[in-house]
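Q: Structure in structure tokens, see below.
The values are calculated or read from the model by the stated rules, or taken from the named source; none is laboratory data. Since the structure is predicted, the reported quantities are computational estimates derived from the model, not experimental observations. Neighbour counts run over all protein chains shown; Cβ positions are idealised from the backbone, glycine included. In case anyone asks, the SASA skips ligands and DNA or RNA and just uses the protein heavy atoms, side chains included. Shrake-Rupley method; radii C 1.70, N 1.55, O 1.52, S 1.80 Å.
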Amino acid sequence: MNLKKYKHAITAVCVLGSLAVAGIAGKDFYDFRHYEEVIIPGEGVTSTFQLSDYNENLKGTFGDTTVYVMEGEKEGGSFLVLGGTHPNEPSGHMAAITMIESGKVEAGTVYVIPRTDNSAFTHNDAQEASPHFFHIETESGTREFVFGSRASNPIDQWPDPDVYTHQSGQTLSGSEMRNINRTYPGVKDGTLTEQISYAITNMITTLDIDMEMDLHEASPEYPTVNATVAHERAMDMASMGILELQMAGVDMSLEPSPVTLRGLTHRELGDHTNTLALLMETGNPSQGRLHGATSEELIIDGKDKFYEKAAELGYLYIPYDENGASLDMRIGRHLQGCVEYMKAFSDMYGAEKGEIIMTGIPSYEDLTSGGKTIGDYLN
Ligand SMILES: [Zn+2]
């Protein structure tokens, strides 16, 4: 073989190798973008609709998502639960799914959105080496759930500006423009993320939803964790809920929504609609900066020796030891929180607007006493 032919052969091998790598990676990207976990609604779900009913611009886009309606036999108040605002915070997503699969509304109407930013479920955060999925054993077998990104997929919204200027004039780094919880109250024909937040704001206004809860997680070293953040109109009700949570063994702090922090649910939904806007945070060890490898075990068990060391040094804002901070415990906090705020709403506004009562979902105690796991409450 002469030198020229040899060079051509090397080139051909390199090109074919690159195409093979691109093909395998491309298929992985494509499959993940189009994957949606199966949700098996229980008897409590009375109907569903698409979020695009409240902003037609979302029709046929990756921003559209299903809204599950759980209507009680007895009329009452209404409550919207947002799971999956940030798909790398699995306890909020899973608490919403648990409500859909095992909850029963006795009074009032509960609306549940498990994939609030659907686009953010279609990719992972770059350079985090996060698993795409985590798995939970249920009576119907092993079920797979998506571990996504904090922000909408850049394929849906690109490029990011250098600086993101919110409609209030607040400026943030450009990538925050894909963080739905900085885009409320949203823009009907804005970016995809703004279109989603607009649809949620419009849905709350149109359906006159009385109370709203946005379910989040944060890293254990972030100060606002194991906390409820409440809009000023919701503070009295939230204070009642916090007392009940303490009685149920859930230690929760209450923080007022900062007036100057714009674009978040607890600020803008409270300002732009009549809803009582709340947000809860649990402490998620797979999300922070101090942990070892981001594995599926870390997402589920929340056990990490580096966080143990950080806790000993007093760097964390959640109680943490060798038992970790399991996904079950974090889901339990969110579900117990929702139940207590439904009770507090019913106590304060029941006479005027009617009660909101949901049964069937596990309590914090159910998910932490060692007897049952979240899989026992999924279909
Ligand atoms: Zn979050």
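Q: Return the residues of the range 145-184 that are in contact with an Asp or Glu (Cβ under 7 Å, 6 or more places away or on another chain) and open to solvent by 50 Å² or more (accessible area, probe 1.4 Å); say none if nothing qualifies.
A: Scanning the range 145-184 gives 150, 175.
Q: If I filter the range 199-215 for residues that are under 20 Å from residue 148 (Cα atoms), outside any loop (DSSP other than H, G, I, E, B) and touching a His at 6+ places or on another chain (Cβ under 9 Å), do I get at least one hit? Even if it seems obvious, please write down each step before you answer.
A: Going residue by residue through the range 199-215, those that are under 20 Å from residue 148 (Cα atoms) are 214-215.
This time we only want the ones that are outside any loop (DSSP other than H, G, I, E, B), so: 214-215.
Filter again for touching a His at 6+ places or on another chain (Cβ under 9 Å), leaving 214-215.
Yes, because at least one residue in the range 199-215 is under 20 Å from residue 148 (Cα atoms), outside any loop (DSSP other than H, G, I, E, B) and touching a His at 6+ places or on another chain (Cβ under 9 Å).
Q: Could I ask something else about it? Considering only residues that are within 16 Å of the ligand (Cβ to nearest atom) and modelled with pLDDT under 95, look in the range 127-174 and name the one that is farthest from residue 37 (Cα to Cα).
A: The qualifying residue farthest from residue 37 (Cα to Cα) is 128.
Q: Within the range 270-285, which residues are within 16 Å of the ligand (Cβ to nearest atom) and either touching a strand residue (DSSP E or B) at 6+ places or on another chain (Cβ under 9 Å) or modelled with pLDDT of 95 or more (or both)? Please lay out each step first, then the result.
A: In the first step, residues of the range 270-285 are kept if they are within 16 Å of the ligand (Cβ to nearest atom); the result is 277-285.
Those that are within 16 Å of the ligand (Cβ to nearest atom) and either touching a strand residue (DSSP E or B) at 6+ places or on another chain (Cβ under 9 Å) or modelled with pLDDT of 95 or more (or both): 277, 278, 279, 280, 281, 282, 283, 284.
Q: Looking only at the range 174-194, count every residue that is over 19 Å from residue 205 (Cβ atoms) and part of a loop (DSSP other than H, G, I, E, B) and tell me the total.
A: Matching residues across the range 174-194 total 2.
Q: Another question, if that's okay. In the range 257-290, what count of residues is obtained for those that are assigned to a loop (DSSP other than H, G, I, E, B) and open to solvent by 20 Å² or more (accessible area, probe 1.4 Å)?
A: Of the residues in the range 257-290, the ones assigned to a loop (DSSP other than H, G, I, E, B) are 257-264, 273-275, 284-290.
Among the residues that remain, those that are also open to solvent by 20 Å² or more (accessible area, probe 1.4 Å) are: 258-262, 274, 287, 289-290.
So the answer is 9.
Q: Sticking with this structure for a sec: Just need a number here: residues in the range 237-261 that are touching a strand residue (DSSP E or B) at 6+ places or on another chain (Cβ under 9 Å) and away from the ligand (no atom under 16 Å from the Cβ).
A: Our first condition is that a residue be touching a strand residue (DSSP E or B) at 6+ places or on another chain (Cβ under 9 Å); within the range 237-261, this holds for 237-239, 241-242, 245, 252-258.
Next cut, away from the ligand (no atom under 16 Å from the Cβ) only: 237-239, 241-242, 245, 252-254, 256.
Qualifying residue count, the range 237-261: 10.
Q: Could you please give the count of residues in the range 57-86 that are under 21 Å from residue 152 (Cα atoms) and either surrounded by 17 or more Cβ atoms within 10 Å (Cβ to Cβ) or touching a Lys or Arg at 6+ places or on another chain (Cβ under 9 Å) (or both)? Can you show your working first?
A: Keep residues of the range 57-86 that are under 21 Å from residue 152 (Cα atoms), which gives 57-67, 81-86.
If we keep only those that are either surrounded by 17 or more Cβ atoms within 10 Å (Cβ to Cβ) or touching a Lys or Arg at 6+ places or on another chain (Cβ under 9 Å) (or both) as well, we get 57-58, 62-67, 81-86.
Qualifying residue count, the range 57-86: 14.
Q: Can I ask one more? Quick one: which residue in 286, 257 is hydroxyl-bearing (Ser, Thr, Tyr) and either within 20 Å of residue 149 (Cβ to Cβ) or in contact (Cβ under 8 Å) with a residue 40 or more places away in the chain (or both)?
A: Numbers: 257 fails: either within 20 Å of residue 149 (Cβ to Cβ) or in contact (Cβ under 8 Å) with a residue 40 or more places away in the chain (or both).
The unique qualifying residue is 286.
Q: Now for a different question. Given the criteria touching a Phe, Trp or Tyr at 6+ places or on another chain (Cβ under 7 Å), touching a residue at least 40 places away in the same chain (Cβ under 8 Å), of a type in the set (A, V, I, L, M) and open to solvent by less than 20 Å² (accessible area, probe 1.4 Å), does residue 105 qualify? It would help to see each step written out before you state the result.
A: Values: touching a Phe, Trp or Tyr at 6+ places or on another chain (Cβ under 7 Å): no; touching a residue at least 40 places away in the same chain (Cβ under 8 Å): yes; of a type in the set (A, V, I, L, M): yes; open to solvent by less than 20 Å² (accessible area, probe 1.4 Å): yes.
Answer is no for this residue.
Q: Right, something else. Quick one: which strands (runs of 3 or more DSSP E) sit completely within the range 46-116 and have at least 2 residues that are within 16 Å of the ligand (Cβ to nearest atom) and in the same structural domain as residue 270 (by TED's automatic domain parsing)?
A: Numbers: elements: 47-50, 66-71, 74-82, 104-113.
Output list reads 74-82.
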